[in-house]
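*Asks:* The structure is given below, and queries will be raised subsequently.
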Amino acid sequence: VIRCGEMQAYEFDDGYYMRRCVELARKAIGCTSPNPMVGCVIVKDGKIVGEGFHPKAGQPHAEVFALRDAGDLAENGTAYVSLEPCNHYGRTPPCSEALIKARVKNVVVGMVDPNPIVASTGVKKLQDAGIEVTVGVEEELCKRLNEAYIHYMLTRKPYVTLRYSMSLDGHLLDQLGEEAEECGGYYSKLLQEYDAIIVSSSVLVEKSSLPISKEPGANQPLKIVLSKCWNPLIKIPSLKDDAASKLLIVTEKDSAVQEGIQTLSFEKISILEILEHCKNQGLCSVLLDLTGNTLDFEDTLKEGFEQNLFQKVVVEVLPILGGDRERYLSNVDLKGKVKKLISSLYGKSVLLEGYF
Ligand code: AOF
Ligand code: ZN
C-alpha cells in the first residue's frame, strides 16, 4: 500500500523544487542578459504556494515575483532559488531582505552568485537573520543554466560557443540539418540564447538571408557578418529599423557597405577585436557559426584556438558522407547494423556538445 504522504516525500524533495526553479528560469531564455536567468519557488507544507522568475534586466528578481505570488503563505515556508539571492542595491533592492521580511523559514539555493558584489553575502545575510540555508542543490543544472553569465562574471569576457555541422565521416559542412532552423529546431533555439552571432558573408550571397530564431517572442542576437572584402554579390535583405540595428558588418577594407548599416573596419579581421567590441557593447555571449563558406573562418579559427577564446562547441552531425548528400549510402559498403542506424538517422541529425 502506498500512502499519499509517502509518495510526496519521495517525489517532491529539494531536487524536485530546484528543477522547477530552473524550468521557470528558462522561460526568460535569451531575455535576461547581462543578468542571469533565475527561478524561485516558495513551498509551504509540501505544496508550491508561489512561483516566479527574473524576466529581464531592470525588472524585479525571481524571488520578488515568487513572494508576491505566495503572499502571506510565504511565512514559515521554504524558498527555493536557482541562484543565491542578491544582497545589493542594483537596479532592484536586495532579495535577501525581501526573503527576511517575508519571514521564510528556510532558503535552498542552487549555486552561489559569482558576481563579486554578491559572492556569498546573500547566504550570510540570510543565516545571520536566523534562516536555515542549504547551498548546492542541483548545482550542476543551475550552473549549466547560466554558463555564459558565470563566465562573463568571472572573466569579464564574452562567452563564445563555436558551432558547426559535420558529416558522419568528419567533413566540415556548410549546411544545416533539415528542420534545424524551424521553430523548435536546435538552431532556432540556440540562436535565441546568444547576444550576438558571427557568420560569414557567404550566407548573404547564397541564401541572402540572415539567421533568425523562429521561437515565439525570441530574442534575436546581433548578427555580425564577416566579409574580408565587401562585394556586390553580398545582398543585405531589406531590414526594418529594429532588425537593421541588429546587424553589424565587419570588413577588412574601408568599404562603404550600405547606408544605415553599422560597419566595423579592421586592417585585418581579428576575432579578438570583434570580441572586444562585443564586450564594450555589453554583449556577454557570442555564437561563432561556421554556416556558409567555412573557408572564410580559417584565420578566425586559428586565432581563436591559439588564444583560447572559445568556451564551448556545439556540433551537429549530419547523416551524410563526405559532405555530399548524393553520396548518402550509395557506393558505400556499410555493414547491416550500421546501415540501419544511419538510415534511421536520415533527415535527422545528432547534436554533440563539449567544452574547451
Ligand atoms: C537574484 N535573483 O532573479 C537575479 C539576480 O541590476 P539588478 O538589480 O537586476 O542586479 C543584477 C545582479 O543581481 C546580477 O548581476 C546578479 O548578481 C543578480 N541577479 N539575483 O537574487 C534574480 N536575476
Ligand atoms: Zn535579487
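*Asks:* What are the residues in region 87-106 that are touching a Ser or Thr at 6+ places or on another chain (Cβ under 7 Å) and within 11 Å of ligand 1 (Cβ to nearest atom), if any?
*Replies:* Listed by number, the list holds a single entry, Asn87.
*Asks:* For region 112-133: of the residues being out of contact with any Asp or Glu (no Cβ under 9 Å at 6 or more places or on another chain) and closer than 9 Å to Asn87 by Cβ, which is nearest to ligand 1 (Cβ to nearest atom)?
*Replies:* If we take residues in region 112-133 being out of contact with any Asp or Glu (no Cβ under 9 Å at 6 or more places or on another chain) and closer than 9 Å to Asn87 by Cβ, then Ile117 is nearest to ligand 1 (Cβ to nearest atom).
*Asks:* Here's another thing I want to ask about it. Sort through Glu178, Glu97, Glu138 and tell me the only one that's over 22 Å from Ala196 (Cβ atoms), touching a residue at least 40 places away in the same chain (Cβ under 8 Å) and crowded, with 16+ Cβ neighbours inside 10 Å.
*Replies:* Step by step, each of Glu178, Glu97, Glu138 is checked, and only Glu138 is over 22 Å from Ala196 (Cβ atoms), touching a residue at least 40 places away in the same chain (Cβ under 8 Å) and crowded, with 16+ Cβ neighbours inside 10 Å.
*Asks:* Additional query: Looking only at residues that are touching a helix residue (DSSP H, G or I) at 6+ places or on another chain (Cβ under 8 Å) and buried (at least 19 other Cβ atoms within 10 Å of the Cβ) in region 149-160, which one is farthest from Pro116 (Cα to Cα)?
*Replies:* Per the stated criteria, the residue is Val160.
*Asks:* Can you tell me which of Glu23, Glu84, Glu75, Glu51 is of a type in the set (Asp, Glu), under 30 Å from Cys278 (Cα atoms) and away from ligand 2 (no atom under 12 Å from the Cβ)?
*Replies:* From the options Glu23, Glu84, Glu75, Glu51, the qualifying one is Glu23.
*Asks:* Of the conditions (1) more than 12 Å from ligand 2 (Cβ to nearest atom); (2) over 22 Å from the mean Cα position of the chain (by Cα), Arg91 clears all except one; give me its number.
*Replies:* Failed condition: (1).
*Asks:* Moving on to the next point. Could you give me the residue pairs with C-beta distances under 7 Å whose first residue belongs to region 45-66 and is under 14 Å from Cys31 (Cα atoms), whose second residue is at pLDDT 95 or above and of a type in the set (D, E, K, R) wherever it lies, and which are 6+ apart or on separate chains?
*Replies:* Pairs found: Phe53/Lys27.
*Asks:* Only residues that are of a type in the set (A, V, I, L, M, F, W, C) and farther than 22 Å from Leu248 by Cα: list them for region 149-198, please.
*Replies:* Passing the criteria: Ile150, Met153, Leu154, Met166, Leu168, Leu172, Leu173, Leu176, Ala180, Cys183.
The values are calculated or read from the model by the stated rules, or taken from the named source; none is laboratory data. What you see is a predicted model, and the numbers here were worked out from it, not measured in a lab. Positions of Cβ are generated from backbone atoms using ideal geometry, with glycine treated the same way; all protein chains shown enter the neighbour counts.
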